[in-house]
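The values are calculated or read from the model by the stated rules, or taken from the named source; none is laboratory data. Nothing here was measured: the structure is a model prediction, and the numbers come from that model. All Cβ positions, glycine included, derive from the backbone under ideal geometry; neighbour counts span all protein chains shown.
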Amino acid sequence: MRYKSTRNSELRQEASEVIVKGISEEGGLFLPESIPDLSNELEDLAKLDYLSLAKRILALYLTDFTEEEISRCVDAAYTGGKFERDEPVQIKELGNSGTYMLELWHGPTCAFKDMALQLLPHLLTTALQKQNQAKKALILVATSGDTGKAALEGFRDVKDTEVIVFYPEDGVSPMQKLQMNTQEGDNVCVCAVKGNFDDTQTGIKTIFTDTEIKQQLYDNGYFFSSANSINWGRLLPQIVYYVYSYLELYRIGKVKNFTDPVNFIVPTGNFGNILAAFYAGRMGLPIHKLICASNANNVLADFISTGVYDKRREFYATASPSMDILVSSNLERLIYMLSGEDSAVLSEWMTGLSTEGQYKVDDETKSRIQALFYGDFCTDEETKQVIRNTYRDRGYLSDTHTAVALGVYDKYLEKTGDETPAVVVSTASPYKFARHVLGSLTDAVPQGEFDIVTGLEELTREVPQKQITDLKGKKQLFDTVIEKDEMSAFVKKQLARLKDHR
Ligand SMILES: *Cc1c(COP(=O)(O)O)cnc(C)c1O
């Protein structure tokens with residue numbers, strides 16, 4: 001199995017190259033040249049535990065990795081007490097509604113990004129060895145919160161890697177800031193930037209294309225890499241839990257035959273998570289609808305209903321910050337696959353997006369999208385109501401991102417009456433966004449972050465994750481704040497330190 005690019009259909013690269021590079025040279029995203037078919041194997045796969053299933057699925061795509069290498073990566077990611085239980089994900093019925101919650105937040109940072117970012121560092125270091133790269137990887141991350149912490153935890157003390165995380169000083173929640181600034185590990189570094197998320201992302205792009213700094217890095221034995229969600233190595237681990245949850249519905253008798261379809265409802269930002277569901281479908285998992293849930297930044301909902309992607313609109317900072325995004329990068333892969341795999345047409349649309357701020361897909365592509373996807377959104381006010389009602393009526397405490405999915409699913413059911421069994425993807429612990437969650441249940445919200453955690457625990461009797469409560473006693477290890485035009489200088493300074501260090 002080799003990989004091509006959305007903007008160059010002729011290209012062929014090995015899996016290990018694709019994981020090391022992250023993004024293709026001409027700016028396109030890597031994708032497999034064909035998609036393996038699992039439809040005749042589902043019965044066998046239903047006998048596997050999560051880790052064995054992950055190994056089976058990864059092996060289909062990482063064809064230049066040995067079985068032993070894949071096995072070692074998967075074990076390193078999901079065992080050793082990093083996740084609460086042996087099976088890294090948990091599936092729970094929502095009250096007795098017949099709808100199932102796929103909880104992906106039982107890992108080290110309490111958000112779904114752990115599922116991929118615990119695995120990516122091991123895939124990356126293995127890929128580096130395969131390519132005989134004597135260099136070490138310097139990972140730069142711009143984050144609005146969840147990615148930064150998950151990358152820090154994933155890469156901490158992983159051999160031959162260094163991580164620098166930049167976050168907007170006023171653009172992350174106090175809990176997220178605390179999670180990052182107390183990060184332990186010999187190869188990690190965190191820095192706040194005076195600016196918004198876009199400023200930090202632009203700063204990183206500038207560094208990635210700065211030839212002087214790249215040379216300096218190379219001379220010191222490093223090269224830049226990215227842990228961004230467009231890396232195929234982040235998408236691939238996410239396919240596993242869609243297959244796993246379907247098989248779990250089979251094991252409990254909710255799905256009777258391997259032709260019975262399910263719906264997945266996914267709270268969406270950069271379109272990575274829901275794209276993994278799409279891949280699972282292409283691999284033969286019976287899916288009726290993929291329901292794409294957005295917050296007030298509803299550019300995807302508009303796109304799915306009109307075929308026009310228009311980013312020229314107001315940006316809202318919402319209660320579900322990890323979904324506050326106007327350019328959903330991974331959508332490029334979907335559009336490529338559904339529009340006839342023509343890189344010239346795709347490139348034209350993407351150019352339209354960057355020069356005019358919009359593009360429009362043809363009618364045929366639009367109908368193919370609409371045949372599988374349904375998109376809608378919830379405002380913060382609706383999200384709060386969903387948290388309150390879901391807790392009161394179903395006894396389920398949901399975080400703000402997951403609540404957006406639940407709210408959109410309600411709207412979908414009202415419109416369609418669809419009775420297909422459904423899996424709602426639950427992406428964060430309610431304690432990670434405790435201020436908004438408690439505020440949805442009561443007016444009495446204390447000031448301090450840990451008072452809020454205690455308040456939520458007393459009200460709901462749901463036990464907060466140890467990773468959250470432990471933060472209280474942790475020492476703050478990072479407090480650097482820089483101007484947005486100082487990011488290159490900061491990286492250079494870190495380089496000098498690395499040189500002295502080794
Ligand atoms: C990142 C994130 C999302 C959005 O996932 P995408 O793959 O970017 O669509 C949803 N919820 C939470 C809690 C997240 O951290």
(message) Only one of 488, 440 is of a type in the set (S, T, N, Q), part of a helix (DSSP H, G or I) and either more than 28 Å from the chain's Cα centre (by Cα) or modelled with pLDDT under 95 (or both). Can you tell me which?
(response) 488
(request) Please work out which residue is surrounded by the fewest Cβ atoms within 10 Å (Cβ to Cβ), limiting yourself to the range 97-114 and to residues that are more than 15 Å from the chain's Cα centre (by Cα) and under 17 Å from residue 247 (Cβ atoms). (result) 100
(message) So for the range 471-484 (the condition being farther than 20 Å from residue 179 by Cα and either without any contact (Cβ under 8 Å) to a residue 40 or more places away in the chain or not in a helix (DSSP H, G or I) (or both)), does at least one residue qualify?
(response) yes
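Does residue 275 fit the bill of being within 13 Å of the ligand (Cβ to nearest atom), at pLDDT 95 or above and of a type in the set (A, V, I, L, M, F, W, C)?
yes
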(message) Being of a type in the set (A, V, I, L, M) and at pLDDT 95 or above: is that true of residue 128 here?
(response) no
(request) Go through the residues of the range 299-322 one by one and say whether even a single one is more than 16 Å from the ligand (Cβ to nearest atom) and at positive phi. (result) yes
(message) Among the numbered criteria (1) under 20 Å from residue 125 (Cβ atoms); (2) within 16 Å of the ligand (Cβ to nearest atom); (3) of a type in the set (A, V, I, L, M, F, W, C); (4) in contact with a Lys or Arg (Cβ under 7 Å, 6 or more places away or on another chain), which one does residue 175 miss?
(response) (1)
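Would you tally the residues in the range 439-464 being aliphatic (A, V, I, L, M) and touching a residue at least 12 places away in the same chain (Cβ under 8 Å)? Reasoning before the result, please.
Step one: list which residues in the range 439-464 are aliphatic (A, V, I, L, M), which gives 441, 444-445, 452-453, 456, 459, 463.
Filter once more, keeping what is touching a residue at least 12 places away in the same chain (Cβ under 8 Å): 441, 452-453, 456, 459.
Of the residues in the range 439-464, 5 are aliphatic (A, V, I, L, M) and touching a residue at least 12 places away in the same chain (Cβ under 8 Å).
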(message) For a quick check of your reading: which strands (runs of 3 or more DSSP E) sit entirely within the range 130-227 and have at least 1 residues that are small (Gly, Ala, Ser)?
(response) 136-142, 188-194, 222-226
(request) Answer yes if at least one residue in the range 354-372 is of a type in the set (A, V, I, L, M, F, W, C), within 19 Å of residue 297 (Cα to Cα) and out of contact with any Leu (no Cβ under 6 Å at 6 or more places or on another chain), and no otherwise. (result) no
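Could you check the range 107-121 and list, in sequence order, the residues that are near the ligand (Cβ under 10 Å from one of its atoms) and either more than 10 Å from residue 428 (Cβ to Cβ) or among the β-branched types (Val, Ile, Thr) (or both)?
Listed by number, the residues that qualify are 109, 114, 116.
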(message) Being of a type in the set (Phe, Trp, Tyr), under 20 Å from residue 193 (Cβ atoms) and surrounded by 15 or more Cβ atoms within 10 Å (Cβ to Cβ) is the requirement here; does residue 450 meet it?
(response) no
(message) Condition (residue is closer than 21 Å to residue 154 by Cα and touching a residue at least 40 places away in the same chain (Cβ under 8 Å)) applied to the range 1-16: is it met by at least one residue?
(response) yes
(request) Could you check the range 1-95 for strands (runs of 3 or more DSSP E) lying wholly inside it with 1 or more residues that are more than 26 Å from residue 344 (Cα to Cα)? (result) 90-93
(message) Would you confirm, using the coordinates I've provided, whether residue 264 is aromatic (Phe, Trp, Tyr) and in a strand (DSSP E or B)?
(response) yes
(message) So residue 232 ticks every box in (1) surrounded by fewer than 24 Cβ atoms within 10 Å (Cβ to Cβ); (2) more than 14 Å from the ligand (Cβ to nearest atom); (3) among the aromatic types (Phe, Trp, Tyr) but one. Which box is left unticked?
(response) (2)
(request) Give the residues of the range 316-360 that are over 20 Å from residue 8 (Cβ atoms), of a type outside the set (S, T, N, Q) and assigned to a loop (DSSP other than H, G, I, E, B), sorted by residue number. (result) 316, 317, 319, 324, 325, 326, 327, 356, 357
(request) Name every residue in the range 411-432 that is more than 16 Å from the ligand (Cβ to nearest atom) and part of a helix (DSSP H, G or I), in order of residue number. (result) 411, 412, 413, 414, 415, 416
(request) Collect the residues in the range 80-108 that are modelled with pLDDT under 95 and β-branched (Val, Ile, Thr), keeping them in residue-number order. (result) none
(request) Select, from 94, 120, 128, the only residue that is of a type outside the set (Asp, Glu), buried (at least 23 other Cβ atoms within 10 Å of the Cβ) and in contact (Cβ under 8 Å) with a residue 60 or more places away in the chain. (result) 120
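From the list 348, 332, 382, pick out the single residue that is within 16 Å of the ligand (Cβ to nearest atom) and either closer than 27 Å to residue 27 by Cα or more than 20 Å from the chain's Cα centre (by Cα) (or both). Give the derivation first.
On the way: 348 fails: within 16 Å of the ligand (Cβ to nearest atom); 382 fails: within 16 Å of the ligand (Cβ to nearest atom).
Selected residue: 332, the only one of 348, 332, 382 that is within 16 Å of the ligand (Cβ to nearest atom) and either closer than 27 Å to residue 27 by Cα or more than 20 Å from the chain's Cα centre (by Cα) (or both).
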(message) What pairs come out if I take residues in the range 53-81 that are over 17 Å from residue 124 (Cβ atoms) and pair them with residues that are among the polar types (S, T, N, Q) whose C-beta lies under 7 Å away, six or more apart or interchain?
(response) 55/71
(message) Considering only residues that are in contact with a helix residue (DSSP H, G or I) (Cβ under 8 Å, 6 or more places away or on another chain) and within 12 Å of the ligand (Cβ to nearest atom), which ones fall in the range 91-106?
(response) 104, 105
